[in-house]
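The values are calculated or read from the model by the stated rules, or taken from the named source; none is laboratory data. Quick caveat: nothing in here was measured; it's all calculated off a predicted structure. Cβ coordinates were reconstructed from backbone atoms using ideal geometry, including for glycine residues, and neighbour counts include every protein chain displayed.
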Amino acid sequence: MKFRVLLQSLALPFVSGVPLEFRSTAGVPTGLPADQISINSVSTYGTGCPTTDSVSITLADNNTVLTVGFNDFQTFVGPDIASSQSDKTCSISLNVYYPGGYTSAYLNATYHGFAELDAGVSGNISSLYSFPGTIGSGAFSSTNTNINTGGVYLKADHIPLVSKVTSPCGRNATAVIRVRVKIGGSNSTLSGTLTDDDVSLVLTQQVHSGKTVCK
C-alpha cells in the first residue's frame, strides 16, 4: 500500500494532559476591536505536532480567524509499523481575549485530511474543546468523527461560546483544543494511513452588550 503524505506544519514538546490555566491580565489587545472575542497568541504541542517546523500558523481578520497547517499529523497501521504510529494528538493552546460585558459567539472548526485504508481498517478524528472564561455547553465539549472510507475527508464542528466579564477592561484566558487522530485494523496484516492536514478556526456571529470603556 502506498502511503500518501500531505500538507503543512505545527510545534512545542509534548505535554501530557490539557492545561486549563487562567490568566488574570486584562486590557484590550492593541489594534483590535474592544467588543469582540479575539485570539491573542497561539502555541501547539503533541505527538502530532512535534516540532516548530511541523506546523504553520496564520491569524487573520482582527484575530478571529486562525488556520493551523500540519506536516506530521499522520497515523499509520500495518506490518512492521510501530503501534505508537497509530494514535497521535496535537493540542492547540489559545490565549483568548474576552471583552467586558456579555458576548455570545460561535467557534466554527473545520478539519481537512486524507485517508488511505485497506478493507477492515478504520480511523477516528476527535476534538476536545476547553474554553475557561465561557459559560454554557461550549465551555467544555467534545466531538468524534469516524473515517471508514479512503480519500479526502472534512470534519466540521460548531461550538457556542458565551462570556460574561464584569471588568470593563475584559479578561484573557487560556483555551485549549486537543485533536486526536487514531487508526486501527481488524488484523495486523492490514495497512492504512489517516492524516489531519489542517484546521481552520473562525469566531463568528459575535453579539456584544455591556460596558467596554477600559480606564
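In this structure, is ALA173 in a strand (DSSP E or B), buried (at least 20 other Cβ atoms within 10 Å of the Cβ) and out of contact with any Pro (no Cβ under 7 Å at 6 or more places or on another chain)? Spell out how you get there, then give the answer.
On the way: in a strand (DSSP E or B): yes; buried (at least 20 other Cβ atoms within 10 Å of the Cβ): yes; out of contact with any Pro (no Cβ under 7 Å at 6 or more places or on another chain): no.
No.
Residues checked against (1) basic (Lys, Arg); (2) at pLDDT below 95; (3) touching a Leu at 6+ places or on another chain (Cβ under 8 Å):
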residue	(1), (2), (3)
ASP35	no, yes, no
SER41	no, yes, yes
ASP53	no, yes, no
GLY69	no, no, yes
TYR98	no, yes, no
THR110	no, no, yes
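Taking only region 163-215 into account, find how many residues are farther than 21 Å from ASN71 by Cα, of a type in the set (Lys, Arg) and in contact (Cβ under 8 Å) with a residue 60 or more places away in the chain.
Counting residues in region 163-215 that are farther than 21 Å from ASN71 by Cα, of a type in the set (Lys, Arg) and in contact (Cβ under 8 Å) with a residue 60 or more places away in the chain gives 3.
Do you know which residues across region 115-159 are surrounded by 16 or more Cβ atoms within 10 Å (Cβ to Cβ), within 17 Å of the chain's Cα centre (by Cα), hydrophobic (A, V, I, L, M, F, W, C) and farther than 28 Å from ASN172 by Cα?
The one that is surrounded by 16 or more Cβ atoms within 10 Å (Cβ to Cβ), within 17 Å of the chain's Cα centre (by Cα), hydrophobic (A, V, I, L, M, F, W, C) and farther than 28 Å from ASN172 by Cα: ILE125.
Quick check on my filter: what residues within region 101-160 are farther than 22 Å from VAL68 by Cβ, without any contact (Cβ under 8 Å) to a residue 40 or more places away in the chain, part of a loop (DSSP other than H, G, I, E, B) and in contact with a strand residue (DSSP E or B) (Cβ under 6 Å, 6 or more places away or on another chain)?
If the condition is that a residue be farther than 22 Å from VAL68 by Cβ, without any contact (Cβ under 8 Å) to a residue 40 or more places away in the chain, part of a loop (DSSP other than H, G, I, E, B) and in contact with a strand residue (DSSP E or B) (Cβ under 6 Å, 6 or more places away or on another chain), then GLY136, ASN148, GLY150 are the ones that fit.
Is it the case that region 88-95 has a residue that's in contact (Cβ under 8 Å) with a residue 60 or more places away in the chain and not in a strand (DSSP E or B)? Full working, then the answer.
As a first pass, look at region 88-95 and keep what is in contact (Cβ under 8 Å) with a residue 60 or more places away in the chain: 88-95.
Then keep just the ones that are not in a strand (DSSP E or B); that gives none.
Among the residues of region 88-95, not one is in contact (Cβ under 8 Å) with a residue 60 or more places away in the chain and not in a strand (DSSP E or B), which makes the answer no.
Can you pull out the residues in region 176-189 that are in a strand (DSSP E or B) and either at pLDDT below 95 or hydrophobic (A, V, I, L, M, F, W, C) (or both)? Write out each step before concluding.
Within region 176-189, the first condition is being in a strand (DSSP E or B), and the residues that meet it are 176-185.
Answer for region 176-189, where residues must be in a strand (DSSP E or B) and either at pLDDT below 95 or hydrophobic (A, V, I, L, M, F, W, C) (or both): VAL176, ILE177, VAL179, VAL181, ILE183, GLY185.
When only residues in region 28-57 that are hydrophobic (A, V, I, L, M, F, W, C) and not in a strand (DSSP E or B) count, which is surrounded by the fewest Cβ atoms within 10 Å (Cβ to Cβ)? Please lay out each step first, then the result.
To start, the set of residues in region 28-57 that are hydrophobic (A, V, I, L, M, F, W, C) comprises 28, 32, 34, 37, 39, 42, 49, 55, 57.
Checking which are not in a strand (DSSP E or B) leaves us with 28, 32, 34, 37, 49.
Working: VAL28: 19, LEU32: 16, ALA34: 19, ILE37: 26, CYS49: 28.
Result: LEU32.
Which residues, taken from region 64-82, are assigned to a loop (DSSP other than H, G, I, E, B) and of a type in the set (Phe, Trp, Tyr)? Don't jump to the end; show me each part of the working.
Here is the first cut: in region 64-82, the residues assigned to a loop (DSSP other than H, G, I, E, B) are 64, 71-73, 78-82.
Across region 64-82, the qualifying residue is only PHE73.
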